[in-house]
Amino acid sequence: MAEASPTVARRTLARVLRQSRESAGMTAAKAAKHAGMHAATLSKVESATTRIQPGTAQALMKFYGGSEEECDAVFELAHAARRRGWWQTYKSTPAWFDSYVGLETEAELIRDYQTELIHGLLQTEEYAFSLAIAAVDVSSEDEAWEHVSLRMARQERLTGDRPLQLDVIMNEAALYREVGGPKVMEAQLRQLRERCELPNVSCRILPFGAGEHPAGYGSFMVISFPESGHRTITYSDVVYVEYGLGALYLEEPADVTHFSKVFDGLQDRALSREKSSVVVERALAKYK
């Protein structure tokens, strides 16, 4: 099985163990007793909030009636989940955002709707710094620059060996919110124009004239992953919704379906890539 990022491995393992226990008709208390742990600990494992020893995960899967192949798969997932992610060297990263970076690191496709800002993977350093220093929970310029450094490192996903497919729809307002002042915004729009020409990046604008649309409540992403390489293990899509003090990670099929339909509705209303480029040029013309 292809080795997943620690975040994806932990969340996949949690789902597989929970679903396998439920399919076996077994209570959490009985499963936890067999594994020699408290039921509360197993609950945390099944909600992806704590790690589990690979041998214990394998023993649980066997107890649930899993095949030898399935037992080996959860062993590998539990082992991958215990690794340290590259992004965890950035000490100022909030715990709630740590999970997102892990998902982004493994993602094959991100469908993103942005209401007010340029997507993080398309931002310049100066634009990103202006956003970071404005945050109420960032206490110094050094901390703000560390946030920027992580963001710049994340952008390597667009041009690396396994480039991320990024499908972004931005509200037209994002082109006119002058973050950092005129010079910063001009440079940002120029970079946006360049990044949107990458073969793996699609940038489309939801124009003011589109009127009502299904995402009036704000920004969101739908994150999809490559095949696991194991016929019994799949990496489920995750919806990411950020708010002031954290983020929601939604994995229930009904939630993913809902937000996928919302994104489809936005695509129906957004301009084509070619017409979106014209709108970006129009916003950039302000600074010429």
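The values are calculated or read from the model by the stated rules, or taken from the named source; none is laboratory data. Note that the coordinates shown come from a computational prediction; the quantities given were computed from them, not determined experimentally. Virtual Cβ from ideal backbone geometry, glycine too; neighbours counted across all protein chains shown. Remember, those area values only see protein heavy atoms, side chains included, never the ligands or the DNA or RNA. Shrake-Rupley method; radii C 1.70, N 1.55, O 1.52, S 1.80 Å.
For the chain, the share of DSSP beta bridges that are antiparallel, to the nearest 5, is 50%.
Taking 19 Å as the straight-line reach from the Cα of Lys33, the lysines in range (excluding those fewer than 8 positions away in the same chain) are Lys44, Lys62. Annotation note: trypsin sites (Lys or Arg not before Pro) in the range 23-128 located in DSSP loop regions with a Cβ neighbour count of at most 10 within 10 Å are Arg84, Lys91. If I compute mean projected area of the Cα convex hull in nm² from the structure I just sent, which labelled value in (1) 13.0; (2) 16.0; (3) 22.8 lines up? Only one option fits the structure, namely (2). The GluC sites (Glu not before Pro) found in the range 220-265 that occupy coil by DSSP, while having at most 13 further C-beta atoms within 10 Å, are Glu227.
Between the helical axis of 95-106 and the longest alpha-carbon principal axis of the chain there is an angle of about 90 degrees. Considering the range 146-288, its Cα convex hull presents a mean projected area of 10.8 nm². FRET efficiency for the Ser149 to Asp268 pair, using the beta carbon distance and R₀ = 30 Å, is estimated at 0.20.
The lysines whose alpha-carbon is closer than 18 Å to the alpha-carbon of Lys261, local same-chain residues fewer than 8 away aside, do not include any residue. For the range 1-38, the residues whose amide N sits under 20 Å from a probe point set 7 Å from the Cα of Gln53 along the beta carbon direction are 10, 13-14, 17-18, 29-38. Length gained on full extension, Arg177 to Ser224: 14.0 nm, using 0.36 nm per residue less the C-alpha separation.
Which Cα, out of Thr7, Gln267, Gly181, lies furthest along the positive dipole direction of the chain (beta carbon charges, K/R +1, D/E -1)? The residue sitting most towards the positive pole is Thr7.
Taking 0.36 nm per residue of separation and subtracting the Cα-Cα distance, what length does fully extending Tyr243 through Lys62 add? Write down the numbers at each step before the final one.
Values: separation 181, 0.36 × 181 = 65.16 nm, distance 3.97 nm.
Answer, rounded to one decimal: 61.2 nm.
Here's the picture: a label point sits 7 Å out from the Cα of Gln165 along the beta-carbon direction, and within the range 177-206 the residues with their amide nitrogen under 15 Å of it are 199-203.
If you plug the beta carbon distance of Asp137 and Ala29 into 1/(1 + (r/R0)^6) with R0 = 35 Å, you get a FRET efficiency near 0.35.
When the charge dipole of the range 60-203 is built from unit charges on Cβ atoms (+1 for Lys and Arg, -1 for Asp and Glu) and taken about the Cα centre, the candidate among Leu198, Tyr100, Gln123 whose Cα reaches farthest toward its positive end is Gln123. Arg190 contributes about 80 Å² of solvent-accessible surface, heavy atoms of the protein only, 1.4 Å probe.
Take the Cα of Arg282, step 7 Å toward its Cβ, do the same at Ala95, and the gap between the two points is 4.6 nm. Isolated cysteines in the chain, defined as those with no second cysteine Cβ under 4.7 Å, comprise Cys71.
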